[in-house]
1. By how many degrees, 0 to 90 and rounded to 10, does the Cα axis of helix 20-38 deviate from the longest principal axis of the chain?
2. How high is the FRET efficiency between residue 74 and residue 3 when r is their beta carbon distance and R₀ equals 22 Å, given to the nearest 0.05?
3. I need to check one value: relative contact order of the chain, counting alpha carbon pairs closer than 8 Å and at least 6 residues apart, in percent.
4. Could you work out [θ]222 nm for the chain from helices alone, using -39500 (n - 2.57) per DSSP H run of at least four and dividing by all its residues? Round to the nearest 500 deg cm²/dmol.
5. When only alpha-carbon atoms count, how far does the chain stretch along each of its three principal axes, as whole angstroms with the largest first?
6. May I ask you to sort 129, 76 by Cβ crowding, counting other Cβ atoms within 10 Å and putting the fewest first?
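Coordinate-derived values only; no laboratory data. What you see is a predicted model; the values in this text were computed from it and never measured. All Cβ positions, even for glycine, are placed from backbone atoms using ideal geometry, and neighbour counts span all protein chains on display.
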């Protein structure tokens, strides 16, 4: 019987037999095997922010990064979850996930995801969540979370440490 190109699922050929229950059983066995491997997602790395980082000017600043070894074939998900605030109202900020080969990532790193947020009330924490699923090249890879004030005045800060749980996580989804 032929199989699908992407997942190798078996399906009946036009000239195959008409015992449908056997075809369904073969398909169910293939799907069961594939679902078992999909369920094998594993955490690769997690970094918890240990300090508050502030930015006054419109300069992109790194807040947190984490390094892992990619296998070059698996899909990975990078997730930042945290909170930010501004010293004055009506501030707009951009948040970015970037990646680079090696042990460090800078603003020249590959942009994985960007999201803009505004804060209408001064000194009120606002959640920020960025996520990107991707396949990095084989070898050491570093992912970083960056922020920049793009409109308004005053200081913005991304919270970390004892008063906030800001994390950057990497998970291998599947080979």
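1. Between helix and principal axis, roughly 30 degrees.
2. Result of the calculation: an efficiency of 0.50.
3. Value for the chain: 35 percent.
4. One gets -3500 deg cm²/dmol as the mean residue ellipticity at 222 nm.
5. 73, 34, 28
6. Ordered by Cβ neighbours within 10 Å, fewest first: 129, 76.
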